[in-house]
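Student: Structure below; questions to follow.
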Amino acid sequence: MIETLFPYVELIKDDKLRLLCYNIIEQGQEQLKMPSSSSGKYHPKDELQEYGQVIHLKKAVNLILHAIRRDKRPLNVDIAVTIALLHDLPKKFNLEISVTPGQSRMNKNHGWDNAVTIDKEAEKLGIDYKTREIIFDAIAQHMGKWTPEGSIHYRPNGELMLHTPYVEYLQEADYFASRRNVMVDYSFEITQELYEEVING
């Protein structure tokens, strides 16, 4: 099931960003086996089963591409796909608790924690600092208004995080990918078509 994410990773043309995705997916294999929701309140049924996290990430990629096409904003599409694929990895659950929705316990600060892990890996791979900033800020803030009170609003180096268009688009993609009343055709063929449309303007 996890390998079904690989075609989405292969959309990324930038070698370092593509390798970053593969490395973080490898680190997050146990999390990818989990349902996407810790409560089961809002998520559609297909995300509340084993490997629901994989489905959620595929939807997020599809939706972020939809948003970029809709608004015709000149964003780096490789970065957009990267943040959509990695925003919940390696998401922190208590893996000793059953994967049944409502019985797992998600770390509500997982956005910031994930961003720290991903940034360390990105630095090892030699990804430039500006790109790392964009990725960090988007993933750290992807929970939007559901971010817990008292959350960290700074990067590990003490710089204040920025609210970039990537943050907005990832928040939107994560939100709609998590709603049971939003139908998303996240098949790779449809997502690939979207990607090509965005790349070709």
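The values are calculated or read from the model by the stated rules, or taken from the named source; none is laboratory data. What you are looking at is a predicted structure, and each value in this text was computed from that prediction instead of being measured. Glycine gets a Cβ as well: all are built from the backbone with ideal geometry, and neighbour counts include every protein chain shown.
Student: Where in segment 118-201 are the helices (runs of 4 or more DSSP H), entirely inside, with at least 1 residues that are under 21 Å from L5 (Cβ atoms), at pLDDT 90 or above and over 18 Å from the mean Cα position of the chain (by Cα)?
Tutor: Working: elements: 129-140, 165-177, 188-199.
Per the criteria, 188-199.
Student: Touching a residue at least 60 places away in the same chain (Cβ under 8 Å), touching a helix residue (DSSP H, G or I) at 6+ places or on another chain (Cβ under 6 Å) and of a type outside the set (F, W, Y): does that describe L194? Please lay out each step first, then the result.
Tutor: On the way: touching a residue at least 60 places away in the same chain (Cβ under 8 Å): yes; touching a helix residue (DSSP H, G or I) at 6+ places or on another chain (Cβ under 6 Å): yes; of a type outside the set (F, W, Y): yes.
When the stated conditions are applied, L194 passes them.
Student: State which residue pairs qualify: first residue touching a residue at least 12 places away in the same chain (Cβ under 8 Å) and inside segment 164-186, second residue assigned to a loop (DSSP other than H, G, I, E, B) and among the charged types (D, E, K, R) in any location, beta carbons under 7 Å apart, and separation of 6 or more residues or different chains.
Tutor: From residues that are touching a residue at least 12 places away in the same chain (Cβ under 8 Å), the pairs are P165/R73.
Student: OK, next. Determine which single condition V54 fails, assuming it passes every other condition in (1) over 22 Å from F6 (Cβ atoms); (2) modelled with pLDDT of 90 or more; (3) aliphatic (A, V, I, L, M).
Tutor: (1)
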